[in-house]
Structure formats: structure tokens, C-alpha cells
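**Student:** Here it is, the structure in full.
FYI, it's all coordinate maths here, none of it is from the lab. Only a predicted model underlies this, so the values are computations on that prediction, with no experimental measurement involved. Please note: Cβ atoms are built from the backbone with ideal geometry, for glycine as well, and neighbour counts cover all protein chains shown.
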Amino acid sequence: MWKNLVKILACPICKKDLLLIVDEERDNDVIKGYLYCSRCNERYPIEDGIPVLLPLDQR
Ligand SMILES: [Zn+2]
């Protein structure tokens, strides 16, 4: 996932901005990590560069 993409992504539940936590990155691409919503206290995983922005019950 391109790092700057976090600026246009929002929490699917509350639409608030997400915080990007990077575990692994390559050439400004996030390979592994997660997006965090501080309002919902919810984490959305980034797996193989793909952000999984689904509420828990839809995964
Ligand atoms: Zn939220």
C-alpha cells in the first residue's frame, strides 16, 4: 500500500482519519502493518500491501 494513501482512507465505521502503523515497508510501500482508528479502537490489517478496511463482522 502506498504510504500517502492513508491520507484519503477513512475508518469504514466512523469515517475518521486512520493512523498508519508500519511493520514492514519497501520503496515507500507498506507491505505489512495496520491502520488504526483511535475513535473505534479498531485495527485494520495491511496484508501483502493490501489494506483490509472491513468492519470485523464482515471479514
Ligand atoms: Zn472508526
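**Student:** I want the local charge near Asp23. Using Cβ-Cβ distances under 14 Å, sum +1 for each Lys or Arg and -1 for each Asp or Glu among the other residues. Let's see the in-between values first.
**Tutor:** Working: positive: Lys3, Arg26, Lys32, Arg43; negative: Glu24, Glu25, Asp29, Glu47, Asp48.
That sum, taken over residues with Cβ under 14 Å, equals -1.
**Student:** Rank the residues Arg39, Arg26 as a footprinting-exposure proxy: fewest other Cβ atoms within 10 Å of their Cβ go first.
**Tutor:** Working: Arg39 12, Arg26 9.
Least to most surrounded, the residues fall as Arg26, Arg39.
**Student:** For Arg59, Arg43, what's the fewest-to-most ordering of other Cβ within 10 Å of each Cβ? If you can, show how the numbers build up before the last one.
**Tutor:** Details: Arg59 8, Arg43 15.
The fewest-first ordering by Cβ neighbours comes to Arg59, Arg43.
**Student:** For a bin width of 10 Å, list the pair-distance distribution of the chain built from all Cα-Cα distances, rounded to whole %.
**Tutor:** So the P(r) values, bin by bin, are 26, 57, 16, 0.
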